[in-house]
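See structure below.
Since every read-out is calculated from the coordinates, none of them should be taken as a lab result. These numbers come from a predicted model, not from an experiment. Virtual Cβ from ideal backbone geometry, glycine too; neighbours counted across all protein chains shown.
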Amino acid sequence: LASETRIDFKSALQELLARRGARVSYEVTAATGPPHRRTFEVAAIVDSEQVGAGEGRSKKAAEQVAAEEALRALGG
């Protein structure tokens, strides 16, 4: 369930990694469904290692989920 306050996980992850001297990139790993109802799967990559994965109705939404997972994995 999404919380009332919208947290920008991508920004939070970028800030965490900036302090560590690392960068994150996002890679679409899959896009399924018809063009008007596409579902995207995105991987968050840090130092060429996948640290999070997400799924969403848009690339941006999937990136947010991947960033949230990556934050948890990295102890952010």
**Item:** Top positive-direction residue, dipole computed over the chain with Cβ charges, set 56, 16, 36
**Value:** 36
**Item:** Between 0 and 90°, nearest 10: helix 59-73 axis offset from the chain longest Cα axis
**Value:** 40
**Asked** Do the sum for the chain: with -39,500 (n - 2.57) for every DSSP H run of n ≥ 4, divided by all residues, what is the mean residue ellipticity at 222 nm, to the nearest 500 deg cm²/dmol?
**Response** -11500 deg cm²/dmol
**Among (i) -0.41, -0.53, -0.98, -1.22; (ii) -0.45, -0.58, -1.03, -1.23; (iii) -0.43, -0.54, -0.92, -1.10, the entry derived from the coordinates for log10 I(q)/I(0) by the Debye sum over Cα atoms at q = 0.14, 0.16, 0.22, 0.25 Å⁻¹** = (iii)
**Prompt:** In percent, how large is the relative contact order of the chain, given Cα pairs closer than 8 Å and 6 or more residues apart?
**Reply:** 26
